[in-house]
1. Scan segment 307-329 for residues that are free of Cβ contacts under 8 Å to residues at least 24 places away in the same chain, of a type outside the set (A, V, I, L, M) and either under 13 Å from Asp6 (Cβ atoms) or in a helix (DSSP H, G or I) (or both) and jot them down.
2. Residues that are touching a residue at least 40 places away in the same chain (Cβ under 8 Å): find the strands (runs of 3 or more DSSP E) completely inside segment 177-254 holding 1 or more of those.
3. Restricting the search to segment 35-71, which residues are touching a residue at least 24 places away in the same chain (Cβ under 8 Å), under 21 Å from Tyr246 (Cα atoms) and among the charged types (D, E, K, R)?
4. Which members of segment 268-292 meet the condition of being part of a strand (DSSP E or B) and either buried (at least 18 other Cβ atoms within 10 Å of the Cβ) or in contact with a Gly (Cβ under 9 Å, 6 or more places away or on another chain) (or both)?
5. Please tell me if Ser189 is assigned by TED's automatic domain parsing to the domain that holds Val141 and modelled with pLDDT of 95 or more.
6. Would you point out the residue of segment 63-121, among those that are assigned to a helix (DSSP H, G or I) and among the aliphatic types (A, V, I, L, M), that is farthest from the ligand (Cβ to nearest atom)?
7. Does Leu199 satisfy being at pLDDT 95 or above and over 23 Å from Thr123 (Cα atoms)?
Amino acid sequence: MGEKFDIAIIGGGTTGLFAAYYATMRQLKVVIVEAQEQLGGKVMQFLPEKKIYDVGGYPEISGEDLVRQMIQQAARHEPKILTGESVKQIDRENNQFHLVTEKGKEILSNTVLLATGTGTFHTKRPEEWKELPDSEFKTSVPTTLMDKEDYIDKKVIVASNSKVGVNWALYLSELAESVAIINSEHSFSQVKQEELDQLSDANIDVHYNAKLTDFMMDDKDRLKQVAFLNENEDKVTVPAEKLLTYYGLELEAAPFDKWGIETRKGRIVVTPVMATNVEGIFAAGDIVQYEGKTTLIATGYTEAITAVNHAHLFIDPAATEQLYSTVIYR
Ligand SMILES: Cc1cc2nc3c(=O)[nH]c(=O)nc-3n(C[C@H](O)[C@H](O)[C@H](O)COP(=O)(O)OP(=O)(O)OC[C@H]3O[C@@H](n4cnc5c(N)ncnc54)[C@H](O)[C@@H]3O)c2cc1C
């Protein structure tokens, strides 16, 4: 069955990433299992371009930059990181946990830390996506605004009918050579007139009732144009070097009932040491609930520290409850 870990962290959002760093700093053997292809959880999916002002040590930082720093920090002691692996099953066998992912990967661990947030937000594609010719490019079109450097001085198309797409387009207009939006509807949902005015102030063309029909590549297999049908069913092509789509999200919650984890209103009930009702399984971050709980990035860090320290004590009752990094790296 392969490697065995001290802590299997389910969820590679900000809580899971910090837990991985902290646990490996304490010399525990760690695996992070993240359902998405990218790490960073909600911060990467919802706030990559937004400025965050309430994480200690950063007067301001974008969501993407914060996640990058966290990945760098987490990587310091080389935890195993599995992305694109959604944990479906957790069983306790012979005093260890046996995790199985949707793709059938099996993981053995002494303890488990649930850092699942409210679940996995699967991104959706526009309706017409399935009609578009299959290609490697099609599969790789991002549904999250990350790697902002890739958009500098590029001709960018955002395919979206929502406020998120409008925000991305406005953000990218500061970096890109040009930005246009292809919206399959006749309007945007939840977008105010002032935001539409900002689009025109930023010279962002919006094509309404536009259905994507094709991607045209250059001889080096790089995107050069996208084609769409306009409301009169005329085919229009526009220059494009970068395409990203945002058509909403679908939440898939982790199957806590099946795992025997006690929840209240969808959140995991934890003790003050972040233990769940199942011995050896701890939880931290947005998914936990207790009196006074705040759903903030920094809260997840503190909870991760407590959870890891108590997972450590669960594995080795003689372990020190906490250690300063200044002492560890002395
Ligand atoms: C619009 C918005 C603005 C916000 N602004 C701020 C702010 O300004 N400051 C602030 O501090 N906080 C802010 N937050 C809150 C902050 O985003 C969250 O507190 C933080 O992201 C929680 O991190 P997490 O790691 O606990 O959960 P998440 O980020 O949700 O990560 C959980 C991860 O677990 C994965 N996962 C779930 N189930 C499984 C499974 N079965 N197998 C494998 N992986 C799984 C998910 O795919 C996900 O990547 C904001 C949130 C939103 C939505």
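1. Asp316, Thr326
2. Working: elements: 178-182, 205-207, 211-217, 223-229, 235-239, 242-246, 249-252.
Those strands (runs of 3 or more DSSP E) span 178-182, 211-217, 223-229, 235-239, 242-246, 249-252.
3. Glu37, Lys42, Glu49, Glu64
4. Our first condition is that a residue be part of a strand (DSSP E or B); within segment 268-292, this holds for 268-269, 275, 281-283, 288-289.
If the condition is that a residue be part of a strand (DSSP E or B) and either buried (at least 18 other Cβ atoms within 10 Å of the Cβ) or in contact with a Gly (Cβ under 9 Å, 6 or more places away or on another chain) (or both), then Ile268, Ala275, Ile281, Phe282, Ala283, Val288, Gln289 are the ones that fit.
5. Working: assigned by TED's automatic domain parsing to the domain that holds Val141: yes; modelled with pLDDT of 95 or more: no.
No, not satisfied.
6. Keep residues of segment 63-121 that are assigned to a helix (DSSP H, G or I), which gives 63-75.
Narrowing further to those that are among the aliphatic types (A, V, I, L, M): 66-67, 70-71, 74-75.
Details: Leu66: 9, Val67: 10, Met70: 10, Ile71: 13, Ala74: 12, Ala75: 17 Å.
Looking at residues that are assigned to a helix (DSSP H, G or I) and among the aliphatic types (A, V, I, L, M), I get Ala75.
7. Numbers: at pLDDT 95 or above: yes; over 23 Å from Thr123 (Cα atoms): yes.
So Leu199 fits the description; yes.
The rows are residues; the columns are (1) surrounded by fewer than 17 Cβ atoms within 10 Å (Cβ to Cβ); (2) modelled with pLDDT of 95 or more; (3) not assigned by TED's automatic domain parsing to the domain that holds Val30.
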| site | (1), (2), (3) |
| --- | --- |
| Phe97 | no, yes, no |
| Thr111 | no, yes, no |
| Ala115 | no, yes, no |
| Ser140 | yes, no, yes |
| Met146 | no, no, yes |
| Tyr151 | no, yes, yes |
| Val156 | no, yes, yes |
| Asn161 | no, no, yes |
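The values are calculated or read from the model by the stated rules, or taken from the named source; none is laboratory data. Just so we're clear, the structure is a prediction, and the values are computed from it rather than from any experiment. No Cβ is skipped: glycine too gets one built from the backbone with ideal geometry, and neighbour counts run over all protein chains shown.
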